[in-house]
Amino acid sequence: MRQVTATPPLCVIHWESSQHQLTTLALGSETTDAAERVAMAAPAGERGIVSWFDLPAVARQNVVRACRPIPTLGMYCVIDDEHVEGNEEFLRCAIQDTVEQFLERFHGWSDIHVALGDPSADFRDPLEIGLRTAGIEPHFTEDSLFPGLRALIRLTALVCRETKSRADIPEDEDLLEIYDTYTVGSLSSGEQPW
C-alpha cells in the first residue's frame, strides 16, 4: 500500500545521457529548505569542475565538510559502464531500478516533488512515465527552485563516475560520505552498495 504524505518529499534527479547515468537524491519534505540553504552555502555548485580529482585535496575536503550537514534520506546512482543498452532503454531500466531499489525503501511514496539536476536535459517525459507506471505521481518543481541541491546532484554524479571502482579515497575527501546511505552500481553487473 502506498503512503500519502501531507507534503511530498523531494527527489533531485540527474540524467547524464552521454554517460548512461541516472543519479537520485532523496530529501524529506521537512528538511528541504535546510538542505537547500546548506547546499547553497557549500562550494559544491561551482560550474566547470570537470574532475573531482582535479581539485586540490584541501578543496575536496572543504566541499565535503560544508556538505556534511545536508539532511538527506539517501542517494542512488545507476551507471551503464558498458553502454550495452541504448540510451532510451537504459533510462527506462534505470528509472525502474531506482523506483524498485531506492524509492520503495521510503514507505511507498505515492507523490514526490521532482527537481531535475539539469532542467535542460531531455528526460522529463520518460521519467514522468516511469514514475507514474510505478504508481508515483511526480510534481515537477520550477526550474529556478533548489539551485544548490541541483548543483550538488550534478557534482555527486561526477563523483559517482570517478570513484565507482576506487577504494583509496580518504573519507574527508569523499563526497559520497555526506550521505547517510548511498548506492552506486550498474544494471549490467549488479549494484554495489557502499
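The values are calculated or read from the model by the stated rules, or taken from the named source; none is laboratory data. A quick note: this is a predicted structure, and the numbers were derived from the prediction, not measured. Reconstructed Cβ throughout: ideal geometry from the backbone, glycine too, with neighbour counts over all protein chains shown. The accessibility values were calculated without ligands, DNA or RNA, using every heavy atom of the protein model including side chains. Shrake-Rupley method; radii C 1.70, N 1.55, O 1.52, S 1.80 Å.
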Using every pair of alpha-carbon atoms in region 21-77, split the distances into 5 Å bins beginning at 0 and state the percent of pairs per bin, rounded to integers. 4, 17, 23, 25, 21, 9, 2, 0
Percent carbon-and-sulfur accessible area, the chain, ignoring ligands, DNA and RNA, probe 1.4 Å: 49 percent
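When Rg is the radius of gyration of the Cα atoms in the chain and Rh is its Kirkwood radius, what does Rg/Rh come to?
Numbers: Rg = 15.6 Å, Rh = 16.7 Å.
The Rg/Rh ratio comes out at 0.94.
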If pairing requires two Cys Cβ atoms under 4.7 Å apart, which cysteines of the chain are left without a partner? Cys11, Cys67, Cys93
Out of all DSSP beta bridges with both ends in the chain, state the antiparallel percent to the nearest 5. 55 percent
Per residue accessible area in Å² of the chain, where ligands, DNA and RNA are left out and the probe is 1.4 Å: 47 Å²
Calculate the length of the line joining the C-alpha centroid of region 66-122 to that of region 138-162, in whole Å. 11 Å
Accessible area of His113, 1.4 Å probe, to the nearest 10 Å²? 60 Å²
Given charges at Cβ of Lys, Arg, Asp, Glu: the chain dipole, positive-most of Pro56, Phe123, His20: Pro56
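Calculated from DSSP H runs of 4 or more alone, at -39500 (n - 2.57) each and per residue, what is the 222 nm mean residue ellipticity of the chain, nearest 500? Spell out each step's value before the answer.
Numbers: 5 runs with 63 residues, N = 194.
Computed ellipticity for the chain at 222 nm equals -10000 deg cm²/dmol.
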